[in-house]
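Worksheet: the structure to be examined is printed underneath.
The values are calculated or read from the model by the stated rules, or taken from the named source; none is laboratory data. Predicted model, so just to flag it, every value in this text is computed and none were measured. Cβ atoms come from the backbone with ideal geometry, glycine included; neighbour counts cover every protein chain shown. Please note that ligands, DNA and RNA were not included when accessible areas were found on the heavy atoms of the full protein model with its side chains. Shrake-Rupley method; radii C 1.70, N 1.55, O 1.52, S 1.80 Å.
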Amino acid sequence: MRTSRLLRAALPAAALLAVSGAAGCAVQVPPPKAAAIAPADPDRAWAAVLSRFVDGEGRIDFAGVAKDPADLETYVEYLSRVSPGSDPGRFPTRELQMAYLINAYNALAMFNAIRSGMPPDLHAVRVRFFYRDHFLLGGGYISLYDLENKVIRPLGDPRIHAALNCMAKGCPRLPREPFRAEILDAELQATTQYFFGEERNVRLDPEKKTVRFNQILEFYRDDFLKKAPSLIAFANKYRIQPIPEDWKVEFLPYDWRLNSQ
């Protein structure tokens with residue numbers, strides 16, 4: 001599969017926007033220094049972070065990572081140098097690009113949560129956390145907001161909303177292993193099925209003929225409706241027990257508390 005033109009163009013463009021804004025309100029967060037990091041394979045380092053510090057429910061031991069940050073810093077330093085935009089030869093397929101970007105977003109969000117002092121409520125620091133702080137990705141600075149909305153969402157797969165994790169409790173479950181290109185479709189399918197099978201994301205009220213969805217479906221409604229005629233129809237593609245199509249749709253308040261163990 002040919003390298004995505006959109007991705008190759010979007011990363012540098014977003015990075016340039018971030019750099020141009022740095023003189024104003026944007027803050028460029030320097031990556032960890034490679035010299036201070038124990039030698040390790042970047043992908044294995046990220047896998048080690050997830051297996052060691054994430055539990056079966058997707059909660060993160062942020063304090064544990066903060067005490068032993070070498071593996072996370074190894075991966076974040078790698079991200080600062082290499083991306084599909086800066087080195088397309090390493091990412092010739094859409095699957096390689098998407099797996100990289102999902103892992104990058106999750107790792108940078110975790111890195112930002114720790115360097116921000118593990119704030120108990122991400123909504124209270126949302127401007128700094130998602131917009132102001134810019135991280136080096138493949139040689140260009142970019143915010144978490146722009147990485148998600150200008151680079152990842154345009155790839156057109158709404159299942160990424162069951163995979164991207166900003167470290168809040170309202171986010172989908174963070175898996176205990178990285179997303180991998182060779183099995184990415186199966187992983188996205190499984191994470192989306194899990195998301196729509198969790199009661200915290202989908203609550204049924206038969207008496208009122210109402211379904212209450214995680215507010216992610218409200219935030220990104222347009223992405224889901226590009227793949228299905230309604231939010232219920234999209235959810236039913238991944239549920240064992242279908243939701244009646246004529247039910248009313250409401251949304252659960254998003255939980256912005258830090259997803260700590």
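Name the single residue, out of those in the range 224-255 being open to solvent by 70 Å² or more (accessible area, probe 1.4 Å) and in contact (Cβ under 8 Å) with a residue 60 or more places away in the chain, that is nearest to R126 (Cα to Cα).
Taking the candidates together, the pick is K226.
Quick one: would you say E199 is assigned to a loop (DSSP other than H, G, I, E, B) and without any contact (Cβ under 8 Å) to a residue 12 or more places away in the chain?
Yes: the conditions hold for E199.
If I go through the range 183-201 residue by residue, how many of them are within 21 Å of P253 (Cα to Cα) and in contact with a Leu (Cβ under 9 Å, 6 or more places away or on another chain)?
2
Counting only residues that are open to solvent by 40 Å² or more (accessible area, probe 1.4 Å) and either among the β-branched types (V, I, T) or not in a helix (DSSP H, G or I) (or both), which one in the range 57-68 is nearest to T191 (Cα to Cα)?
Quick first cut of the range 57-68, residues open to solvent by 40 Å² or more (accessible area, probe 1.4 Å) only: 57, 59, 61, 63, 66-68.
Subsequent filtering for residues that are either among the β-branched types (V, I, T) or not in a helix (DSSP H, G or I) (or both) retains 57, 59, 61, 68.
Values: E57: 13, R59: 15, D61: 21, D68: 28 Å.
Applying the filter and picking the extreme gives E57.
Which residues, counting only those in the range 69-112, are more than 17 Å from P30 (Cβ to Cβ), among the charged types (D, E, K, R) and either in contact (Cβ under 8 Å) with a residue 12 or more places away in the chain or in contact with an Asp or Glu (Cβ under 6 Å, 6 or more places away or on another chain) (or both)?
Listed by number, the residues that qualify are D71, D87, R94, E95.
May I ask you to verify whether L188 is under 30 Å from D71 (Cβ atoms), open to solvent by less than 60 Å² (accessible area, probe 1.4 Å), outside any loop (DSSP other than H, G, I, E, B) and touching an Asp or Glu at 6+ places or on another chain (Cβ under 6 Å)?
On the way: under 30 Å from D71 (Cβ atoms): yes; open to solvent by less than 60 Å² (accessible area, probe 1.4 Å): yes; outside any loop (DSSP other than H, G, I, E, B): yes; touching an Asp or Glu at 6+ places or on another chain (Cβ under 6 Å): no.
Considered against the rule, which asks whether it is under 30 Å from D71 (Cβ atoms), open to solvent by less than 60 Å² (accessible area, probe 1.4 Å), outside any loop (DSSP other than H, G, I, E, B) and touching an Asp or Glu at 6+ places or on another chain (Cβ under 6 Å), L188 comes out as no.
Checking the condition surrounded by 17 or more Cβ atoms within 10 Å (Cβ to Cβ), outside any loop (DSSP other than H, G, I, E, B), out of contact with any strand residue (DSSP E or B) (no Cβ under 7 Å at 6 or more places or on another chain) and hydrophobic (A, V, I, L, M, F, W, C), which residue from I160, I142, I183 passes?
None of the other options fit; the residue is I160.
Go through the range 79-98 and give me each residue that's of a type in the set (D, E) and not in a loop (DSSP other than H, G, I, E, B). Quick ask: steps written out before the conclusion?
Just the residues of the range 79-98 that are of a type in the set (D, E), to begin with: 87, 95.
Matches in the range 79-98: E95 only.
Just to check your reading of the model, which residue among Y145, Y141 is in contact with a His (Cβ under 7 Å, 6 or more places away or on another chain) and among the aromatic types (F, W, Y)?
Numbers: Y145 fails: in contact with a His (Cβ under 7 Å, 6 or more places away or on another chain).
Answer to the selection: Y141.
Can you tell me which residue is most open to solvent (accessible area, probe 1.4 Å) among those in the range 204-216 that are within 16 Å of C171 (Cα to Cα) and not β-branched (V, I, T)? Don't jump to the end; show me each part of the working.
Of all residues in the range 204-216, those within 16 Å of C171 (Cα to Cα) come to 212-216.
Narrowing further to those that are not β-branched (V, I, T): 212-215.
Numbers: R212: 85, F213: 0, N214: 8, Q215: 43 Å².
Per the stated criteria, the residue is R212.
So which residues in the range 202-229 are hydroxyl-bearing (S, T, Y) and part of a strand (DSSP E or B), if there are any at all?
First, the residues of the range 202-229 that are hydroxyl-bearing (S, T, Y): 210, 220.
T210, the sole residue that qualifies.
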